[in-house]
Amino acid sequence: MHASDWKKAAALVCTGVAFFFAGTAQAAEQPELRIGVNVLPVLADPVDGARDLNQDYMAILANYAGMRAVYVSASWQENLARLQSGEIDVIANITDLPARHAFFDYGRIPMSTSKSMLYLRGGTQMFDRADRTTPLRIGVIRDQYTSPYLGMVLAAEGFPYTLSEYEDRKALAAAYAAGRIDGCSLDTAMPKSLQPAAALQADPVYFVVKKGNQELLDRLNSAASRLALARPMLYADLYDLYHINTGGEALMLDHRERQYLEEHPTLHFAAVVNERPYSYMDGNGEFAGGLRAIVDRVSADLGVTIEIVPVDSAEDAYAALADGTADVLLNSRWSPGWAITHDYKQTAPYMTSYFTEVTRRSGKPEDPMVAYWSQRLGETTLSKRFDEDHLKRYASVEDSLQAVADGHADVAYLRQDVAQYETFAGRFPGLVANGTVAFATRTAMTMPQDADPALLSALDKEIAHMGQEVANGAIAEERQKFLKNQSIGAYFYNYPQYFFFGAGIVALVIALSFWRYRRMKKRTEAHLQDIIDRDPATELHNLAWIERVGSPIVTVSKGGKDPYLAAVAVHAMRPDIIAGTYGREVLAAVCRELGRDMELAPWAVHVGTRTSSAEVFALVRAEEAVLVPALREMLRKHDAQRVGRMLVRIPLEAGVCYVGDPPMDLKTAMNNASLAAHGARPVGIFNSKLQRETLLMSRMESIQEDALARREFHVWYQPKYELKTKRCIGAEALVRWESKELGFLPPGKFIPLFEGNGFISQLDFYNLEHVMQFQREAPGKGLPVLPISVNQSRQHMREEDYIERVRKLVAEYGTTGVELELTETAFDVLGEAMRAHSIDVVESLRGMGFSIDMDDFGSGYSDLALLNQLPLDVMKIDRSLLLASEGSGRMRIVLEQMIALGHALDMHVICEGIETEEQEQMLISCGCEYGQGYLYGKPMRRADYEAFLREHA
Ligand code: C2E
Ligand code: MG
Ligand code: MG
C-alpha cells in the first residue's frame, strides 16, 4: 500500500460506501478473526479454497491465536473502510509506511514479502531488442501500487516506456494477449503466461489491526511468535504451494547465456555413478539411470552436447572439476553454504531425494551401527543423528549393504528408490527397506567458483523450466524398469510371505483339482463298477460282486471266528421248464423279489442274483435254528408269481453252507450251498455227507475220461418179461461204473454229474455201441436177438450232431434189437422251437428204425399232448405210479386209465420196478402186458444176462 491509494481509501471510508459480509458463521465457540481479503478480479488460481499465501498465513495465525478465520472479500478500499468501522478485524499483506501508523497497528513480524515485478513478453529476452527508441508499452491496474523502480530499471536497460491503466487484471491480460501492451508491472505473482523480466521492489508485508485494538494485536503477535518457532519454514512451504516451479516455464535465455552456450557447444558433466536406479553405468558402458533423463533434457533444451565423465565418488568428481576434466558436477547435494565455503557455486535443486532405512529383517538395535558411503551424508545429516563412533563409511552402496547383511553394521540409509532396488534385486535377501522417510536431501549441479555466471543462470533457468517432475518421473520410470526385470527369486527374497501364500494357493488349487479329478474318476469308476456288479435282469448285485465283497469277510472268519457266517443259494426247481413255458422274465421277477426281500433280512450280509440260472445267492450271518425257518418262510412267500392274470407256482429250494465248517472260501461255500439246494425241498444244509459227495463228484469228473478208456463202465442188463407167461421179452441196458479208484458206482451217482458236464454224450454212445455189438454177436453165440432198450439222456436233444452220430452207428450195426428210452424231460425244453426240434430228433430216430420207449411215464408232469404229438412205441410206467396205486384206489384207476391210454395210442405198456407178486397181479388185472423188476430179474452182468436168456427166452 502506498500513499496515493491511501487517500482514495480514506475517502471511501468517509462516503460510507455500502459493504457486505462474506463470512456468515455466528455461533462459533471460538471468537472470529474477520480477515479483509483483498479480492482482485483476476488473481492467482485459487488453490484448495484459499487464494494466496497471505490469506493462508492469516488462517494459520488465527489457529494459533485460538480464533476462527473468516474471510471478508472486498476491494482494497472497502476493506479499509470496514476495518475502521469494526466490521473486520484484520487486513493482511500491508507494507509498512509511516503515514499508515495513524490508522493501523502493525504486527511485529512480517508475514511475507511483497514483490513488485516487471513482466515482459519473452522475459529478459526483451532487453536484447535492438530497437531502443520505441517505448515499451507497460500495463498497470488502476488503484494498484506501481513501483517507482519501474522507470529506473527500464532506463538502466536503455528503454523508454508508456503506462496504460486497466480496470482489472482481466482487462490487462486481454490487452497483453491482444498485443496492445509489451508487459506489465504488478505487485503480486502473475499467471504463468507472463515471463518475469525484473524484480522491481520487495518489501516486507504485515497484518494490521484497527489503531488501538491492542488486545487483538497482542493476541496475534503472540500467536505469530509461536508460529514462527513451530513452523520456521511456513513461508517457504506456502511459497512452494503457490509458486513452486513445476516445470513448463518458458525457457528464456538472455544474450549472455546464449553466447556462453554457443561458445561451449560441448559441456562435460561429472556424474557419480554408483547408485542404481538413480545414476549408474549400464552393461554397454553408457551412462544410465534417472539422471540420464535430466542430462538428455538439459542437452536438448540448451542445445549443447553433454559428455558424461563418470566417477565413482564425490571426491573424484570434485577432483574432475578441479582439473578441468568436467565443467559441472551433475549430482551433488544441494547446500549453498557448503558450496561457498568450498569455493563452488550450485544451481537450484532439481531433485529431492527421500532417504529410508535398510536393515536386516530382524530390524535394528536401539543404538545401531550406521553404514554409509557418501562422505557428505555422513558429515552432515548422519553426524547430527548418530555418534561418530557409530558411523562407518564404506566405498559403495553395495559395500555398506553387505556390512549390514554381515552384521558389521545395523542400518544403512539410502534413497528410497535405491533402497527399493537393492533389496528387490535379490542380492541381499536378508535385508529389508522399511520405506519410511528418515530425511530428505536435494540434488543440485555444482561448478567451480570461477565458472561463468551465464552457465549458472542458464542451468538455473533450465531447472526452473524442467521442474522437479522431470527428475522424479525419470527415476520412477527407471524403478519401473527394474521392477519389471526382477527375478522371481528377488520377489521370493523380498516377499516370502506372499510367495508362500501364492505357492500355497497354487498348491491348493492343484490339490483341489486333483481331488476333484480323483473324485470324478472314482465316481465314474464306481458307476462303471456298479454296472459290472449288477445282474441286468434283476438289477440286484451279481455273484461276482458277492464273491468280491464277501470274500474278505469269509477269509477273516475262517477258522470258526464267525461260526454263523454262511453262504445261501436259492433256486427255482426246474427253471428251464418255467422259462420255456412262461418266459425268463418270470424267473427274473422271482429272483428280483426274493433278492430284495432277502436284502432286508436282518441276517443277510450281502445278496446277489444270477438270473441265467435263476438263482439268488447270499452271504448271511445266522445260526441254523434261525436261518432255516427264516428261509423256509421266505421260499413259501415267493414261490408263486403272477404271469398276466394267472398265478404260477414256482417251487423254490435253498441250500446253506456254513463257511467255517470246514473252513473254505466263499466261492466254494456258494457252490456247496447250491449243491445242498438241489433236491433239498425246501432247505438243505451242506454237511459232511454232501461234502464227501462233492469231493467224490469232483474226483469223478477228473477221472471220467480215463475210466472210459480203461473200460471201467459196464453195461448191465435187466430183463423185461411178459407178465402172464413170465417169458423174457428183452432187457434194459443199465450202466455201472466199476471204478478202480472209487469202487462200484450205480448210475444215480454219476449220470446227473455227466449230464451236467456233457460227458454223458460219450458214455451213452459207448453204451449204445456196446449193446449194438451185443445184438450183432448174439446170433453167433446162439442167443435170441431180443430187444434191448438203451437209455438216452435228454442232453442229446441239445446236441447238434446227435442224429449224425447215431446214424453212423446205425450204418455200422443196424437197429435190429435196439430200442431207445427217452424220459419225458427230454421234451421239457426251452421254447417251442426246441420242443419241435426234440420231436424232430425222435422222428429221425424212429425213421432209422429204432422203437422209442417213453421212460418214467407218470413220474412228473406227464404231458398227454406229447403222446398225441409224438407217436412212440412203448409206454414205460414209472415205479412211483405203481407204488402209489398200491395204497390208493383212485391212483389205481389212474394207472388203469394210463395203461388203457397207452393201448389206445397203439403202444406197448410196460411197468418198471415190480418187486412183489401182488404188484404183478395188480398190473395184470389193470391190463398191463409187460413188466420189469427185481421180482423177475435184477440188472445183471452181460454174462449173467446171456445165461438168463438161455434159460428164460
Ligand atoms: P431207468 O431207466 O428208469 O432204469 C430203471 C431203474 O430202476 C434202474 O436203476 C433199475 O435198476 C431200477 N429198478 C429195476 N427194477 C427195480 C425194482 O424192482 N425195484 C427198484 N427199486 N428199482 C428197480 P439204475 O440201474 O440204478 O438206473 C437208474 C437210472 O439211471 C435209470 O433209470 C436211467 O435213467 C439211468 N441210466 C442207467 N443207465 C443209463 C445209461 O446207459 N444211459 C443213460 N442216459 N441213463 C442211464
Ligand atoms: Mg430206463
Ligand atoms: Mg425208468
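A few comments on the model shown:
- Odd one out for residue 834 among (1) open to solvent by less than 20 Å² (accessible area, probe 1.4 Å); (2) over 21 Å from residue 910 (Cβ atoms); (3) at pLDDT below 80: (1)
- Unique residue being open to solvent by 50 Å² or more (accessible area, probe 1.4 Å), assigned by TED's automatic domain parsing to the domain that holds residue 269 and of a type in the set (Ser, Thr, Tyr) when the list is 441, 446, 381, 436: 436
- Condition check for residue 378 on (1) in contact with a helix residue (DSSP H, G or I) (Cβ under 9 Å, 6 or more places away or on another chain); (2) outside any strand (DSSP E or B): one failure, at (1).
- Here residue 748 meets the list (1) away from ligand 3 (no atom under 16 Å from the Cβ); (2) surrounded by fewer than 20 Cβ atoms within 10 Å (Cβ to Cβ); (3) small (Gly, Ala, Ser) almost entirely, failing just condition (1).
- The single residue among 901, 870, 923 that is modelled with pLDDT under 90 and either hydrophobic (A, V, I, L, M, F, W, C) or within 16 Å of ligand 2 (Cβ to nearest atom) (or both) turns out to be 870.
Residues are listed down the side, and each one gets a yes or a no for (1) of a type outside the set (Lys, Arg); (2) without any contact (Cβ under 8 Å) to a residue 24 or more places away in the chain:
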{"residue": "903", "(1), (2)": "yes, no"}
{"residue": "912", "(1), (2)": "yes, no"}
{"residue": "915", "(1), (2)": "yes, yes"}
{"residue": "918", "(1), (2)": "yes, no"}
{"residue": "926", "(1), (2)": "yes, no"}
{"residue": "929", "(1), (2)": "yes, no"}
{"residue": "934", "(1), (2)": "yes, yes"}
{"residue": "941", "(1), (2)": "no, no"}
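- Residue that is surrounded by fewer than 19 Cβ atoms within 10 Å (Cβ to Cβ), within 26 Å of residue 942 (Cβ to Cβ) and without any contact (Cβ under 8 Å) to a residue 40 or more places away in the chain, where the choices are 780, 847: 780
- Qualifying positions in the stretch 926-940 - within 14 Å of ligand 1 (Cβ to nearest atom) and surrounded by 15 or more Cβ atoms within 10 Å (Cβ to Cβ): 930, 931, 932, 933, 935, 936, 937, 939, 940
- For the stretch 662-716, the tally of residues that are among the β-branched types (Val, Ile, Thr) and assigned to a helix (DSSP H, G or I) stands at 3.
- Any pair with Cβ under 7 angstrom, 6 or more apart, that starts in the stretch 90-112 at a residue that is assigned to a strand (DSSP E or B) and ends at one that is open to solvent by 70 Å² or more (accessible area, probe 1.4 Å) and not hydroxyl-bearing (Ser, Thr, Tyr): 104/211; 105/211; 106/96
- Positions within the stretch 724-745 being in contact (Cβ under 8 Å) with a residue 60 or more places away in the chain, more than 9 Å from ligand 1 (Cβ to nearest atom) and open to solvent by less than 20 Å² (accessible area, probe 1.4 Å), in sequence order: 728, 730, 731
- Of the helices (runs of 4 or more DSSP H) contained entirely in the stretch 393-475, those carrying at least 1 residues that are farther than 24 Å from residue 326 by Cα fall at 397-406, 416-424.
- Restricting the stretch 300-329 to residues that are in a strand (DSSP E or B) and under 60 Å from the mean Cα position of the chain (by Cα), the residue that is surrounded by the fewest Cβ atoms within 10 Å (Cβ to Cβ): 305
- Helices (runs of 4 or more DSSP H) fully within the stretch 539-636 that include at least 3 residues being open to solvent by 60 Å² or more (accessible area, probe 1.4 Å): 543-557, 584-600.
- Some residue of the stretch 890-899 being outside any helix (DSSP H, G or I), crowded, with 22+ Cβ neighbours inside 10 Å, within 16 Å of ligand 3 (Cβ to nearest atom) and not β-branched (Val, Ile, Thr): no
The values are calculated or read from the model by the stated rules, or taken from the named source; none is laboratory data. Just so it is clear, the structure is predicted and the values come from calculations on it, not from any experiment. Positions of Cβ are generated from backbone atoms using ideal geometry, with glycine treated the same way; all protein chains shown enter the neighbour counts. Keep in mind that these areas ignore ligands, DNA and RNA; they rest on the heavy atoms of the full protein, side chains included. Shrake-Rupley method; radii C 1.70, N 1.55, O 1.52, S 1.80 Å.
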